[in-house]
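This report refers to the structure that appears directly beneath it.
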Amino acid sequence: MGFETIDFEIADGVATLTLNRPAVMNALNRQMRAEITKALSTLPSGVRCVVLTGAGRGFCSGQDLTDGSAAANLEATLRDEYEPMLRAVTQCEVPVIAAVNGVAAGAGANLALAADVVIATQSASFIQAFTRIGLIPDAGGTWIIPRSIGLARAMGMMLFAEPVTADQAQEWGMIWQSVPDTEFQNAVKARAAALAKGPTQAYRAIREALAASSANDLDAQLQLEARLQGQAGRSADFIEGVTAFLQKRPAAFTGR
Ligand code: T3D
């Protein structure tokens, strides 16, 4: 697709988006934000899972601090560039795995945490680095993080801006899994392959239901579940899933 700051490759139904500015730990500049947004918003048909990862030894170091133009109007930068990028992740048509291959700092940490599943290599860490430069956490961090780890831990992470190791992040429930470095690539591959062969429509509905759950009361959530389950029940994958069960064979889901 002619990207310069990211690599974007598709194989076996999995799109791998690699942040590719390793000399600056994949810091986010304007072009990279636009390219991430475009890649995730215009997925070719046949893609049933996205893996978001970083080139080199880091995942992403957050805002490119050499880019003075972004800093000139932070509110506009967040509204016009970060928000579309975050929405492209959370509203992606298919599940997004963040494969955190190294340190994830500032908006880079929150980009990872916006994904549906976060798998980190054991030597990776997550840093809410913002107060180190006199800012507040952005890129969705103040919404996402307290919901996964609770207020006390979120507040500590954000005030002290200390690295949280991948193991700690898993123990706190901030990420799905911390994996030994030697097993990381295979673990990510296996999870991505599983999602790419799964019931894509059901996955989309699960993500919608969980995203709505924190704002809904139980009545509203029950209604939402009924509506989404109604949709899932009309999918070819539901018929295939039940047929495969009755025939005692693995289901061959098509995503339809
Ligand atoms: O500004 C706005 O538009 C508002 C939005 C704000 C969102 C934010 O994300 S604010 C937070 C910005 N990020 C940070 O404050 C993190 C800055 N980086 C670091 O703290 C550290 O680099 C890391 C903890 C990520 C990694 O540390 P380490 O020791 O492993 O690597 P390093 O040596 O610090 O970095 C390697 C190179 O990457 C280095 O360049 P050099 O010396 O080899 O030429 C370093 O300057 C560069 N680099 C790292 N982070 C950034 C960066 N260059 C530009 N921007 C960065 N964010």
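Side notes on the structure shown:
- Linear extension gain, I10 paired with I206, 0.36 nm per residue minus alpha-carbon span: 68.2 nm
- Contact order relative to length of the chain, as percent, for alpha carbon pairs under 8 angstrom and 6 or more apart: 16 percent
- Acute angle (nearest 10 degrees) that the helix 200-213 long axis makes with the longest principal axis of the chain, alpha-carbon atoms: 60 degrees
- FRET efficiency for the E93 to I136 pair, using the beta carbon distance and R₀ = 25 Å, is estimated at 0.20.
- Bridge type composition, the chain - antiparallel percent by DSSP, nearest 5: 25 percent
- Cα-based helix-to-principal-axis angle, 30-41 vs the chain, degrees rounded to 10: 0 degrees
- Extension reserve of the F245-L74 stretch, reckoned as 0.36 nm per residue once the Cα distance is removed: 56.2 nm
- Inter-part distance where region 1-42 and region 105-129 are each reduced to a Cα centre, Å: 16 Å
- Counting only residues at least eight positions apart within a chain, or on another chain, the lysines with an alpha carbon under 20 Å from that of K189 are K197.
Since every read-out is calculated from the coordinates, none of them should be taken as a lab result. Given the structure is predicted, the values throughout are model-derived calculations rather than measurements. Cβ atoms come from the backbone with ideal geometry, glycine included; neighbour counts cover every protein chain shown.
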